[in-house]
Each structure stands twice: as structure tokens, then as C-alpha cells.
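Shown next, in C-alpha cells, is the structure this report addresses.
The values are calculated or read from the model by the stated rules, or taken from the named source; none is laboratory data. Since we're looking at a predicted model, the values are computed, not measured. Every residue, glycine among them, receives a Cβ derived from its backbone with ideal geometry; neighbour counts consider all protein chains shown. Ligands, DNA and RNA are stripped out before the accessible areas are found, and what is left, the full protein with its side chains, is counted by its heavy atoms. Shrake-Rupley method; radii C 1.70, N 1.55, O 1.52, S 1.80 Å.
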Amino acid sequence: MKRKKNLYKDILKYEHILDIVKIVSKTTKNKKELLNFKFAQNIHIYEIFNKLWHNDYHFSSYHIFLIKEPKYRIIMSENINDKIVNHLVSKYILLPSIEPCCIDTNVATRKNKGSEYAFKKFDQYIRQIGFNKTIYALKIDISKYFYNINHFILMDKLSKKIKDKYCLDLIKSILDTTNDDYINDKITCLINNELKRLDGLNLSYNDRKNKEATLKSLPHYQKNRGLPIGNMTSQILAVFYLNDVDHFIKEDLKCRYYIRYMDDFVILDTNKDKLKYCFKEIKKKILTNDLQINNKSNIYNLRNGISFLGYTFKVTDNGLKIRYNNATIRRISRHLRGKKVKDYNHFFKSKSSYKGYFKKCNTALYYGKYKKMEVNDMYERYLELKSDYPSNLVLLKRGKFYRTFDDDAIMLSYIMDYQIIDNRVGFPLEGLFKVKNKIRSYSINLVILDGDKIMCEEGNNENNYKTILKESYSKYDKNIKIEELFKVIREKLELNIDNYKLLKDYVDTM
């Protein structure tokens, strides 16, 4: 493949910068910073353009913080201007240069690939080899991959794909941001603060030791090594850095069943001796990239199972069994609890995404427990909120309407004389004031979900929810019986109109 040239001009186009601004605006969590940027957006865009035009763009300091769940890790966040430049470099320099040379099964963070694609490929490879055969898996993991990528080796690899000097200089300036001393100072400070925080928690001896060990194992940056954790460019560069190893495995070692997800390698084969030879040769190749293989790397018999992509895969005579472990359950439960407290919208999205994760597990024990996790529609959101507020009338806002379901639909129909359609009651936004006043008069506690905001309103006195619900069902049951009776009468009249006189005479005698 020829080296790409004249790429720098693509990041100097106003429409390209504006396109990236729209993307970054959607993903920026710091809304105050985003508001300040939007207030003078054109000025910021001109500033970015002018500095890039003169090859004089300098990156600001990172905001560095510690993530505690699902495990301790360091994240580095950029300001919006730097984020825009990072996205420009990713979209208009790195991807056009790198994407065409990557093998199909180098799957991490790439468009139309990712963990879903890797999962399908793994399943496909197992089926192609056959369940009746003994299948071995060579699993390789790189030690502290992101922190150990050598800047000089990386830039040499990039120079073979990119001819544009200005592009290479800009990429190098991104890599050089990890050389600043304040980064390691901040990481040390975060670790020490968390260790002090643990002192005040009532943790068991083992939990405390495990957390301390994890914290102390968090790496610091060495000069001219490592990628900034959290940058868009870092993801793409990490995918690319071992590209020559990918081609070596596929083309020189002739490994047909190979998948790489960032720094996790898996090679499947029925010949264990071949995998031993491949392991030895791959170690040598990885060493030429100034990286070390993790001690967990080994050859496994798939009859005993292997962990990959967050699942455990095990081949039996009946097929491929896929499951996850209890630690995953605990991690997901903690994650969802935190989301639920902070942001209902993100909670629902996270829960739905985990639904897809659990669906891949094909054992009844694992899939059955979480088969009802999907919460994409409004009814599922209602059920989730109702589980938290069982003695409150729950309303959910969507578009120009409020809706409720099940018991609350029956209650609202009783209170407001609204019609129940398909187990739900809805009314327009302008009707909320009237509904709230009526609910207050019945002394019922109300909960409203508007986007990710939960609004609770207490009744005037003691909550009468259960009492009013009982009255609502009494009227509802009566209406159901009346409707059933009308249905029978209509059927009788349709069969024979002469039944009208018999029915009328019977009603007159009541």
C-alpha cells in the first residue's frame, strides 16, 4: 500500500472541523465546559484552525481521575479543543492510513467489528473445526499494553503509512503529552488519596488487601512510552501498533483461526505442537515491538474452557457452551446500582446493553436469570420505576404525552375517567396540572420520570394509594362485567333480533 500524503489539508477544512464539533458536543460530559465552548463556538473553531494552519497547536494538560468500578483504572480527559483535534487526527489522518492495512480479525474499536464481531468469529471458527475434535487455544495477553507502547517504534510504523510530515508531527505532539511530569504526580496523588479513603471503610482484610494491591499496581508513564488513556487517537494507534504481528501470524505462521481484540490474542488449532511453535515465534515478534507477554498467556484445551471477551467458552460433544462468572454478575450489579442513582436514562441504556451480553450465554442457569433485562420501551421503564416506588402512582413523559400502565392505569382511569387502551392510560402534557390536582385531592403520592429526572410529589396527608387502588379495581371489575354482559347481549341480538323483546321484558322485571 502506498504511503498516504496531503492528509493535513483535510483537517484544515471548516466543514470537517464543524462536523467533529457536533460529534464532540454529543459525547462531552462536562456540560459547563460545553456551554462555554458553544457560547463562543466560532472563535474556538477559528483558534483551532489558525493554530493548525501555522503548525503551532499545543495540547493542554489532561484532567486525570481515578475510576473505581468495575476495577481501579486511570482516565485522562482532554479539554474540548484538544478533543476536537484528536478526533480530526483520528478521522482524517489515522483511519484513512491505517484501516486498509489491518486484518479482518483485528477487531477492537473498529467500525462494524468490535466484541460482537469477535464473538461471532470465535463461534464460527469452533464450528468450522468441529465439536468432535480436540481444539486448543493459544491465548496471549500483553503486559500493561497501553502504557508500554514505544513512541519511537510507533512513529516509525506510522511513517511507513503516512508521508505527510505535518501529520506525523501532530501525532508525535499527541504522544509527547505523556512525557509531562505532572501526569505521574497526579496518578500518585490519586492512588494515595484512595488508599486513605479505604482506611475509613469497613472492609474485610482480604478486600482491603486486594484493593490496595490493585491500586499499587496501577502503572505510571515512562518517558516516550505509553498512550494517553481516553484519547480517540490512542484507541486507533493501539489497534495499529501490533499490525505487523497480525500479518506475521496470518501470513508467515499460517494461523487460519486467529482473533485479536486489542492486546488479547486467541489462535485456535487442533495441533498443540503447532501452537507451541507459534507461541515461541510470536514471543520473539512481540519482543521486537518492545513489549512483554503476560504470565497468563498459555495454551488451553477448550474442553476445559477458556476466558475471552468476558465469557468462558467450553467445547463439549453437544456444542459450544458459553457462560460468565459470578464476579461478572457482581460487577454488573454494582455498575447498574450506581447508574440508577445518578442517571435513569443511562441506567436504562446500560441495562439494555447488558441484555445483549447475557443473551450470548446459552446455558439456562446464566441466560434465564437475566432474560428480562431489556428496558428499551416505555413499559419496561415503568416496571423498573414501579419496583422502586410500589406505593406511588408512576407517570412517564414521552414526547407530548404522559403515560402509565397496569395498576396505575386502572387508578388513573378511575380518578380521571380516562380510557384504558392496551393496559395503558395516556394524556397530553397540558393535562398534567389537572391530573396532579386530582391526585392531590385523593392524597396519593406521585412519581414522574421526565428524561433522566425523577420528580416525587407527596399527597396532602397519609398516602392513600392502596385504598384508592382497591376502589379503582372495584369499579374496573364492575365495568369489565358490564362490558362482558353487553358483548353477550350483542351476540344474542345478532343471532336473532326476536331476542330483543325477551331481553327487554327480562330487564323490565328486574
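Taking a ≥ b ≥ c as the square roots of the Cα gyration tensor eigenvalues, the range 1-92 comes out oblate, since a/c reaches at least 1.5 and a/b does not exceed b/c. Of the residues Ile74, Asn50, Ile142, the one whose Cα sits farthest toward the positive end of the charge dipole of the chain, with +1 on the Cβ of Lys and Arg and -1 on the Cβ of Asp and Glu, is Ile142. Helical runs (DSSP H, four residues minimum) scored at -39500 (n - 2.57) apiece and divided by the length of the chain put the mean residue ellipticity at 222 nm at -16000 deg cm²/dmol.
First obtain the Kirkwood hydrodynamic radius of the range 127-226 from its Cα pairs, then insert it into the Stokes-Einstein equation at 25 °C and 0.890 mPa s, and state the resulting D in µm² per second as a whole number.
On the way: Rh = 17.7 Å.
Result for D is 139 µm²/s.
What's the center-to-center distance, using Cα atoms, between the range 405-451 and the range 115-183 in Å? Rounded to whole Å, the Cα centres lie 54 Å apart. In a solvent-free Debye calculation with one equal scatterer on each Cα, what is log10 I(q)/I(0) for the range 75-127 at q = 0.16, 0.17, 0.21 Å⁻¹, listed in the order of the q values? Calculated log10 I(q)/I(0) at the listed q: -0.64, -0.69, -0.85.
Would you mind classifying the range 17-67 by shape? Square roots of the alpha carbon gyration tensor eigenvalues, ordered a ≥ b ≥ c; an a/c under 1.5 is rounded, otherwise it is prolate if a/b is larger than b/c and oblate if not.
oblate
What the Cα atoms of the range 39-82 give is an Rg and a Dmax of 14.9, 43 Å.
Geometric descriptor of the range 55-209, per residue, is 191 Å³ (volume of the convex hull of the Cα atoms).
Rounded, prolate or oblate: pick one for the range 218-281, where a ≥ b ≥ c are the square roots of the eigenvalues of its C-alpha gyration tensor, a/c under 1.5 means rounded, and failing that, prolate if a/b is larger than b/c, else oblate.
prolate
Fraction of C-alpha pairs exceeding 12 angstrom in the range 247-298: 67 percent, rounded to a whole number. For the Cα trace of the range 187-317, dividing Rg by the Kirkwood Rh returns an Rg/Rh value of 1.06. Other residues with beta-carbon under 13 Å from the beta-carbon of Gln124 carry, at +1 per Lys or Arg and -1 per Asp or Glu, a net charge of +1.
Within the chain, the ratio Rg/Rh, alpha carbon atoms throughout and Rh by Kirkwood, equals 1.09. Between Leu485 and Asp199, the simple label model (points 7 Å from Cα in the Cβ direction) yields a spacing of 7.7 nm. So what is the relative contact order of the range 211-301, in percent, for Cα pairs below 8 Å that sit 6 or more residues apart? Relative contact order comes out at 18 percent.
For Phe240, the accessible surface of its heavy atoms amounts to roughly 10 Å² (probe 1.4 Å, protein chains only, rounded to the nearest 10). Put the Cα centre of the range 209-277 next to the Cα centre of the range 65-108 and the gap is 16 Å. Helix 114-129 versus the longest principal axis of the chain: what angle, 0 to 90°, nearest 10, using Cα atoms? It works out to around 80 degrees.
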